[in-house]
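Student: Let me give you the structure first, and then I'll get to my questions.
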Amino acid sequence: MSTDARRTATTARKISRRTFLGGMAVGAAGAWGVSSGLTRFGYDPARPPQLYEYFLDNFWFEAADLEHQAINPPLRGSHKADIVILGGGFTGLSSAYHLSRAFPNKKIVLLEGACCGYGASGRNGGFCDAGFSGLMHHVDAVGPEPGRKAFDASLFGISQIKRLVTEHGLQCDFEENGMFEAAMDEEQARQLEHHQARYRSMGLNATLVQGRELEAEVRSPRYIAGLKFPYGAIVNPAKLARGMKPIVESAGVEVRERTVVLRVRTGKIHRIETEMGEISAPALVLGLNGYAPKLGFFRDRVLPLCSYVIATEPLSRAQWDAIGWRNRQGIADMRVLFDYQRPTADGRIVIGGSDAPYFAEDDLSSGNYKPAIEAVTRSLFATFPQLEGLRIEHAWGGTMGFTTDFTPSVGVTGDHENIFYGVAYNGEGVAFAQTAGRIIAELMAGQESDLTRLCVVNHPMPYLGPRSLRIVFERLNKWYLLRAGTKTVR
Ligand SMILES: Cc1cc2nc3c(=O)[nH]c(=O)nc-3n(C[C@H](O)[C@H](O)[C@H](O)COP(=O)(O)OP(=O)(O)OC[C@H]3O[C@@H](n4cnc5c(N)ncnc54)[C@H](O)[C@@H]3O)c2cc1C
């Protein structure tokens, strides 16, 4: 959704994105006494997660021709494997990719409830950000030199996507155009300067643009300054996820789609019950991200927040000329509830953000949630009034995993140290989930590297507060932020 450093810039603001989420958890934790008896009310771990109830008007799926693709048959009957991976998003698929190379003789089975790319991985904005969420806070803590080392290691995710494209011929409309951050007011412009100084302290390139230079990048009456960052790319994420499936299959991984996992009994040997079968294995990989709490994992640590996206009709040549944007970078603005937008290969704009709702009981994205879709549509035309009248052809949403410290966690857990996971990318998982898969494979192989030394490895995720009150505090928190009148919050 945005580059990691944008998060850092926001922390210096009166109300930052971190405050936005943190306020919710602090309030909820304070109310623990009132609600502890209610926390588990209505929760039935055996109930199937609500995976398929929404119609998805997803442009990426259409462009990837998902409708005509073969979806693998479900797991039926009783099976054994060496490694079972849950989830066919970028975490599950990249784990499958690297594990199949690290352990060519092991039987690896990936279970996906719908189809590979069905979750956030096939629905997102397609920004491949350099770094990872929380990296700049790490840089502040450890200093620019070790910070730069972590940044370089984190570039693995983008280079891995490039490798999939160049070595495996995966076609996913990958364009390495860098990223662009846009300021809408003076405060945000100051944050961009601060931000540029941070990059420079790490020896990284970032160029501030204003006036004519800004106009040469993109023409919007809303933007008063911008920061060009050469690292980063855009992709069609559904093509990337769907394209990874045959690659891991050809490496020997058995991919079972339409296989909803109902229950996981963890232990020395894990037993995984699905709708039509069961499978056991001594090693488990969780690639469930925002869906993980529904299966009982990280319920007090990972907050499922939703994001909504629209795709316009293709713009005419004259419309592109009117808004500039020749370099085709992903653009994110600097507000707390920000927008992220990018061009598509066939000349549309895909834009998301403006809100990040939480639904009671950690519920998953409710498809086309109207208020968020309307907010992002209004925002598109406020950013580009030149495009008034342009049709919106698709609108969809998805569920992400967040933490209150905005930092992902990739590691190993369980009494037998045999549950591997990558989770909570805080809206920046397209590239970083590729890195997570590599880390998971290295951890399982007992290897050490710059990746396994990254600060996210076994990073303890903060407690979120009781589930039953999260919805109340999310609403109160948002109301407070909006009342606070900061220009950075819509
Ligand atoms: C609208 C939106 C925009 C975003 N924009 C960006 C962006 O531009 N850049 C960026 O870096 N990140 C972005 N993100 C975040 C990014 O998409 C995620 O961080 C990343 O895709 C997470 O990948 P994952 O594999 O961990 O999880 P997911 O892709 O969510 O995969 C989890 C999989 O598990 C499956 N599953 C769940 N429960 C079960 C079950 N019980 N049984 C079997 N299978 C199950 C699901 O079907 C799903 O396929 C965005 C997210 C959303 C929703």
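Student: Just give me the residues in segment 420-435 being near the ligand (Cβ under 7 Å from one of its atoms) and not β-branched (Val, Ile, Thr), in sequence order.
Tutor: Within segment 420-435, 422, 425, 427, 428, 429, 431, 432, 433 qualify.
Student: How about segment 396-414: which of its residues are within 7 Å of the ligand (Cβ to nearest atom) and either of a type in the set (Val, Ile, Thr) or over 22 Å from residue 127 (Cα atoms) (or both)?
Tutor: Matches in segment 396-414: 399 only.
Student: Can you pull out the residues in segment 336-372 that are under 18 Å from residue 475 (Cα atoms) and touching a strand residue (DSSP E or B) at 6+ places or on another chain (Cβ under 6 Å)? Please lay out each step first, then the result.
Tutor: Step one: filter segment 336-372 for residues under 18 Å from residue 475 (Cα atoms), giving 336-338, 353-366, 369-372.
Result: 338, 353, 354, 356, 357, 358, 362, 364, 365, 369, 372.
Student: Could you list, in sequence order, the residues of segment 267-277 that are away from the ligand (no atom under 13 Å from the Cβ) and in contact (Cβ under 8 Å) with a residue 24 or more places away in the chain?
Tutor: 267, 268, 270
Student: Filter segment 280-309 down to the residues that are within 12 Å of the ligand (Cβ to nearest atom) and of a type in the set (A, V, I, L, M), then identify the one that is farthest from residue 78 (Cα to Cα).
Tutor: Looking at residues that are within 12 Å of the ligand (Cβ to nearest atom) and of a type in the set (A, V, I, L, M), I get 309.
Student: Regarding segment 147-162, can at least one residue be identified that is over 19 Å from the mean Cα position of the chain (by Cα), within 30 Å of residue 346 (Cα to Cα) and modelled with pLDDT of 90 or more?
Tutor: No; the residues of segment 147-162 include none that is over 19 Å from the mean Cα position of the chain (by Cα), within 30 Å of residue 346 (Cα to Cα) and modelled with pLDDT of 90 or more.
Student: Yes or no: segment 345-357 includes at least one residue that is within 13 Å of the ligand (Cβ to nearest atom) and farther than 28 Å from residue 325 by Cα.
Tutor: yes
Student: Name every residue in segment 275-308 that is of a type in the set (Val, Ile, Thr) and in contact with a Pro (Cβ under 7 Å, 6 or more places away or on another chain), in order of residue number. Steps first, please.
Tutor: Residues of segment 275-308 that are of a type in the set (Val, Ile, Thr), as a first pass: 279, 285, 302.
Result: 302, single match.
Student: Among the residues of segment 292-330, write down those that are touching a residue at least 24 places away in the same chain (Cβ under 8 Å) and small (Gly, Ala, Ser).
Tutor: Residues satisfying the conditions are 292, 296, 307, 311, 322, 324, 330.
Student: Let me ask something else. Has segment 145-157 got any residue that is closer than 20 Å to residue 257 by Cβ and part of a loop (DSSP other than H, G, I, E, B)?
Tutor: No, segment 145-157 has no match at all.
Student: Let me ask you something else. Name the one entry in 373, 439 that is within 22 Å of residue 153 (Cβ to Cβ), assigned to a helix (DSSP H, G or I) and β-branched (Val, Ile, Thr).
Tutor: 439 is the lone residue from the list that is within 22 Å of residue 153 (Cβ to Cβ), assigned to a helix (DSSP H, G or I) and β-branched (Val, Ile, Thr).
Student: Also, I was wondering about something else. Given the residues 393, 448, 417, which is the only one that is modelled with pLDDT of 95 or more, surrounded by fewer than 21 Cβ atoms within 10 Å (Cβ to Cβ), outside any loop (DSSP other than H, G, I, E, B) and more than 15 Å from the ligand (Cβ to nearest atom)?
Tutor: On the way: 448 fails: outside any loop (DSSP other than H, G, I, E, B); 417 fails: outside any loop (DSSP other than H, G, I, E, B).
Residue meeting the stated conditions: 393.
Student: Taking the stated definitions as given, is residue 266 surrounded by fewer than 18 Cβ atoms within 10 Å (Cβ to Cβ), in contact with a Leu (Cβ under 8 Å, 6 or more places away or on another chain) and of a type in the set (Val, Ile, Thr)? Can you show your working first?
Tutor: Values: surrounded by fewer than 18 Cβ atoms within 10 Å (Cβ to Cβ): yes; in contact with a Leu (Cβ under 8 Å, 6 or more places away or on another chain): yes; of a type in the set (Val, Ile, Thr): yes.
Criteria met by residue 266.
Student: Right, here's the next one. Test of understanding: among 430, 489, which residue is surrounded by 17 or more Cβ atoms within 10 Å (Cβ to Cβ), at pLDDT 95 or above and not in a helix (DSSP H, G or I)?
Tutor: So the residue among 430, 489 that is surrounded by 17 or more Cβ atoms within 10 Å (Cβ to Cβ), at pLDDT 95 or above and not in a helix (DSSP H, G or I) is 430.
Student: Scan segment 323-333 residue by residue and report those that are away from the ligand (no atom under 16 Å from the Cβ) and outside any strand (DSSP E or B).
Tutor: 323, 325, 326, 327 - these are the residues of segment 323-333 that are away from the ligand (no atom under 16 Å from the Cβ) and outside any strand (DSSP E or B).
Student: Which condition number does residue 181 fail, the rest of (1) farther than 28 Å from residue 336 by Cβ; (2) modelled with pLDDT of 95 or more being met?
Tutor: (1) is the only condition that residue 181 fails.
Student: While we're on this one: Which condition from (1) surrounded by fewer than 22 Cβ atoms within 10 Å (Cβ to Cβ); (2) among the basic types (Lys, Arg); (3) under 17 Å from residue 95 (Cβ atoms) is the one that residue 222 breaks?
Tutor: (3)
The values are calculated or read from the model by the stated rules, or taken from the named source; none is laboratory data. Computed from a predicted structure; not experimentally measured. Backbone-built Cβ (ideal geometry, glycine too); neighbour counts: all protein chains shown.
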